[in-house]
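Take a look at the structure set out below.
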Amino acid sequence: MKYTNKILILTLLIIVVFLCACKTADKLQLTKTPFTGNQLRIDGYYCRMYENKCYSVYFFYRDGTLLYEGCGGCDSLKLKEMEQNSFKNEKWINWVKESQISWGVYQIDGQSIKFERWYPSNYWHLPAYIKSGKILNDTTFIITSFERSSRFGTEWSEEKNEMYHFRQFSPKPDSTNRFIK
């Protein structure tokens, strides 16, 4: 009887550990749509600038995929370092290919832009959020809203004022990943 209880407890522990190790993710609401327009340049990346510091970098690809990298408030010198030491580095490229929070999709309709990606969470779930805004010209766009959506509608939204500026960069990391099909 004692041996059976130990096996049962061990089996339950293995199941709990397995379930905790499996992080689930929201299904993206936006669909991957090839970008055939010229409203935005995509031969580089877009950087969210605030008080002369970069906080977010987005690479947009013709296939409708986007790649995200956080900068955490780096200045232009640090951003130049990231271009050389990260964006062209094989280790970084391999790491982002396996990082679900680095990937998402975008759609452009006229002068409107929307993109959706997964965000880190303290729980065993990766929520997806949509940012929406307006394209000002082919090198600048502004995000005006941030929302958490589900197939049942908007669950939460917030107004934003995030300006993104284009920086030419080549070669961009490849958009191939296992999260966006």
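The values are calculated or read from the model by the stated rules, or taken from the named source; none is laboratory data. Just so we're clear, the structure is a prediction, and the values are computed from it rather than from any experiment. Every residue, glycine as well, gets a Cβ built from its backbone with ideal geometry; the counts of neighbours run over all protein chains shown.
Which of the residues spanning the range 36-49 are touching a residue at least 40 places away in the same chain (Cβ under 8 Å) and of a type outside the set (A, V, I, L, M)? Before the answer, list the steps.
First, the residues of the range 36-49 that are touching a residue at least 40 places away in the same chain (Cβ under 8 Å): 37-41, 43-49.
If the condition is that a residue be touching a residue at least 40 places away in the same chain (Cβ under 8 Å) and of a type outside the set (A, V, I, L, M), then G37, N38, Q39, R41, D43, G44, Y45, Y46, C47, R48 are the ones that fit.
Scanning the range 48-60 for residues that are more than 13 Å from the chain's Cα centre (by Cα) and at pLDDT 90 or above returns a single hit, R48.
How many residues does the range 87-109 hold that are over 23 Å from L136 (Cα atoms), out of contact with any Pro (no Cβ under 9 Å at 6 or more places or on another chain) and not acidic (D, E)?
So in the range 87-109, the residues over 23 Å from L136 (Cα atoms) come out as 87-103.
Cutting the leftovers down to out of contact with any Pro (no Cβ under 9 Å at 6 or more places or on another chain) gives us 89-91, 94-95, 98-100, 102-103.
Pick out the ones that are also not acidic (D, E) and you get 89, 91, 94-95, 99-100, 102-103.
Total meeting the criteria: 8.
For A21, the conditions (1) among the small types (G, A, S); (2) at pLDDT below 90; (3) touching a strand residue (DSSP E or B) at 6+ places or on another chain (Cβ under 9 Å) all hold with the exception of (3). Those strands (runs of 3 or more DSSP E) of the range 21-131 in which at least 1 residues are surrounded by fewer than 17 Cβ atoms within 10 Å (Cβ to Cβ) and among the polar types (S, T, N, Q), considering only elements entirely within it, cover 112-118. Residue-level analysis places S149 among those that are of a type outside the set (D, E) and at pLDDT below 90.
Pairing residues of the range 156-176 that are touching a residue at least 40 places away in the same chain (Cβ under 8 Å) with residues that are of a type outside the set (V, I, T) and in a loop (DSSP other than H, G, I, E, B), at Cβ distances under 7 Å and at least 6 apart in sequence or on separate chains, gives F166/R41; Q168/D43; F169/F87; S170/D43; P173/F87; S175/Y61; S175/D63.
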